[in-house]
């Protein structure tokens, strides 16, 4: 353990993993709540075009990815508002366009080839540089400020958009802010788990947490905890077993999800039992719990 | 002294959804302290009228004022408590009763955090609707009637002067209907105005000052609820055509 921590590259890797593990589920929880769990994937594909653009213009691929992913996510949000096209079709177009654009641009850049994209597609947490870590930490903190600071407002918008509009909340602004935050999260996480697996880190901890929770705040808190657990343990596993960190993290997350689902059954039974003294409510809840499992 | 402004004043409201004209010149007024029920068959434009009043369906023609202010300039949404038609689709992440009801308080707090007074208002709303003991429950585990009560508590959390409810009794058991009627009675006793869409008057009948019956996007008749009998379900069977034509403005003399 101490040997691992004596390497600076591992210190950076673990710090990046920690930040991404805590930040990604805080965005994912709103996307899952709005039933747009797949949106992170769309942004990830668009971000690939941004990475390639960075190569083409000899700029930092992280920042060009942030820029392009942000534009892409705003585009998706605008399609959701005004689009006559069905939402899933629009998303599909962005998936393919983003992927093809990335491959095209990177091959146009000097000495560039599709191989350059692999680090970004699948992540490479152990090669995070000094300047990368500054970007990862500062953007993660920004994401956390937004997703936690505005959690009541974002919750209301994602729970019932029409009601939120009638309360006078700036719903469009909040939706745009969430889209931009998702884009930033995707690009921050791409160094850790890769663009193709980013969405997993946003969604799976939330899905795992809600197997055993009843409220939004507890789901959010537990998802952050699980996010950190899998990113850190995945990174450590990758060091010891010499396996890719991104894949380890995602597989661990799925294992946690399965574990939580198994835990949920006895937990729900216990709750139904405790609710029994109130016969009407209890039987109602029990029936529903049974129906769901 | 000039008479107080109506809380809702809709003149010649016209709206269409997906190319179909749904409202064809609806006039509707709710005076301060009044409880007005919108009745009519399915597709008569009740829900669209209510959604137009809260600015969620754009009017193609007509004028709408809330508390005397044209809708386009209206910003005091904390004065309005809205209960949308209960959606069947639950959100993708569980939420407790208290969390959902607290969302209603955002009409007052907007972007600032919830203070002690806000939490007390949420608790009062929960108690009023008899859900305080289930505050920590997940809304997904509630029955239809309980869920509807949560949505009403959410609207009440902002302590609104005007309650707008779309089918608050749909799928609600008798027990919850009574709780709801009692909560409404307390609200109106405190001076709140209410506009609600109903299929049938049910236990709410004694509270209602005026019933407006819609038919194919127009006001078909306006009357006191006791004179309506069962017309809510069969509006086309009732009244003389001339009589309903005269009161098409939606205003009682």
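The values are calculated or read from the model by the stated rules, or taken from the named source; none is laboratory data. Fair warning: this is a prediction, and the values are worked out from it, not measured in the lab. Virtual Cβ from ideal backbone geometry, glycine too; neighbours counted across all protein chains shown.
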Inset, instruction - Counting only residues that are more than 23 Å from residue A:151 (Cα to Cα) and modelled with pLDDT under 90, give me the helices (runs of 4 or more DSSP H) lying completely in the range A:1-89 with at least 2 of them. - result: A:2-6, A:61-82
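Is the range A:172-188 home to any residue that is within 11 Å of chain B (Cβ to nearest Cβ), under 17 Å from residue A:30 (Cα atoms) and surrounded by fewer than 23 Cβ atoms within 10 Å (Cβ to Cβ)? Even if it seems obvious, please write down each step before you answer.
Filtering the range A:172-188 down to residues within 11 Å of chain B (Cβ to nearest Cβ) leaves A:173-174.
When the remaining residues are screened for being under 17 Å from residue A:30 (Cα atoms), the result is A:173-174.
Still in the running and surrounded by fewer than 23 Cβ atoms within 10 Å (Cβ to Cβ): A:173-174.
Yes, because at least one residue in the range A:172-188 is within 11 Å of chain B (Cβ to nearest Cβ), under 17 Å from residue A:30 (Cα atoms) and surrounded by fewer than 23 Cβ atoms within 10 Å (Cβ to Cβ).
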Legend entry - Among the residues listed as A:68, A:29, A:46, A:51, the single one being farther than 19 Å from residue A:94 by Cβ and either surrounded by fewer than 24 Cβ atoms within 10 Å (Cβ to Cβ) or out of contact with any strand residue (DSSP E or B) (no Cβ under 7 Å at 6 or more places or on another chain) (or both): A:29
Legend entry - Residue match in the range A:197-208 (condition: touching a residue at least 12 places away in the same chain (Cβ under 8 Å), crowded, with 18+ Cβ neighbours inside 10 Å and more than 21 Å from the chain's Cα centre (by Cα)): no
Legend entry - Where a residue in the range A:212-231 is more than 8 Å from chain B (Cβ to nearest Cβ) and under 26 Å from residue A:272 (Cα atoms) and its partner, wherever it lies, is surrounded by fewer than 21 Cβ atoms within 10 Å (Cβ to Cβ) and at pLDDT below 95, with Cβ under 6 Å and at least six apart: A:212/A:263; A:212/A:264; A:212/A:267
Legend entry - Of residues in the range B:81-127 being assigned to a loop (DSSP other than H, G, I, E, B) and more than 9 Å from every other protein chain (Cβ to nearest Cβ), the one surrounded by the fewest Cβ atoms within 10 Å (Cβ to Cβ): B:88
Inset, instruction - Would you confirm whether any residue within the range A:250-271 is in contact with a helix residue (DSSP H, G or I) (Cβ under 9 Å, 6 or more places away or on another chain), at pLDDT below 80, within 12 Å of chain B (Cβ to nearest Cβ) and loosely packed, with under 13 Cβ neighbours inside 10 Å? - result: no
Legend entry - Criterion violated by residue B:65 - all others in (1) more than 8 Å from every other protein chain (Cβ to nearest Cβ); (2) out of contact with any strand residue (DSSP E or B) (no Cβ under 7 Å at 6 or more places or on another chain) satisfied: (2)
Legend entry - Enumeration of residues in the range A:107-119 that are modelled with pLDDT of 85 or more, over 25 Å from the mean Cα position of the chain (by Cα) and surrounded by 15 or more Cβ atoms within 10 Å (Cβ to Cβ): A:107, A:109
Legend entry - Residue match in the range A:79-97 (condition: within 14 Å of chain B (Cβ to nearest Cβ), over 24 Å from residue A:139 (Cα atoms) and touching a residue at least 24 places away in the same chain (Cβ under 8 Å)): yes
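Hey, any hits in the range B:37-51 for a residue that's within 14 Å of chain A (Cβ to nearest Cβ), assigned to a loop (DSSP other than H, G, I, E, B) and in contact with a strand residue (DSSP E or B) (Cβ under 8 Å, 6 or more places away or on another chain)? If you could, list the steps in order and put the result at the bottom.
First, pick out the residues of the range B:37-51 that are within 14 Å of chain A (Cβ to nearest Cβ): B:47-48, B:50-51.
In the following step, the residues that additionally are assigned to a loop (DSSP other than H, G, I, E, B) were identified as none.
No - not one qualifying residue is present in the range B:37-51.
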Inset, instruction - Pull up the range A:149-160, narrow it to residues that are within 21 Å of residue B:81 (Cβ to Cβ) and part of a helix (DSSP H, G or I), then point me to the one that is farthest from the other protein chains (Cβ to nearest Cβ). - result: A:157
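Can you pull out the residues in the range A:214-244 that are assigned to a loop (DSSP other than H, G, I, E, B) and either crowded, with 24+ Cβ neighbours inside 10 Å or on the phi > 0 side of the Ramachandran plot (or both)? Quick ask: steps written out before the conclusion?
The initial filter retains those residues of the range A:214-244 that are assigned to a loop (DSSP other than H, G, I, E, B), namely A:214-215, A:242-244.
Result: A:242, single match.
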Legend entry - Identity of the residue in the range B:128-165, away from chain A (no Cβ under 13 Å), surrounded by fewer than 23 Cβ atoms within 10 Å (Cβ to Cβ) and modelled with pLDDT under 95, that ends up nearest to the chain's Cα centre (by Cα): B:128
Inset, instruction - Could you please find all residues in the range B:52-68 being more than 22 Å from residue B:187 (Cα to Cα) and assigned to a helix (DSSP H, G or I)? - result: B:52
Legend entry - Test: residue B:72 is in contact (Cβ under 8 Å) with a residue 24 or more places away in the chain, out of contact with any strand residue (DSSP E or B) (no Cβ under 6 Å at 6 or more places or on another chain) and more than 7 Å from chain A (Cβ to nearest Cβ): no
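Return the residues of the range A:161-170 that are surrounded by 21 or more Cβ atoms within 10 Å (Cβ to Cβ) and either in contact with a strand residue (DSSP E or B) (Cβ under 6 Å, 6 or more places away or on another chain) or facing another protein chain (nearest Cβ under 7 Å) (or both); say none if nothing qualifies. First the steps, then the outcome.
Going through the range A:161-170, the residues surrounded by 21 or more Cβ atoms within 10 Å (Cβ to Cβ) turn out to be A:163-164, A:166-167, A:169.
Hits for the range A:161-170 are A:163, A:166, A:167, A:169.
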Inset, instruction - Look at residue A:187 and say whether it is part of a helix (DSSP H, G or I) and at pLDDT below 95. - result: yes
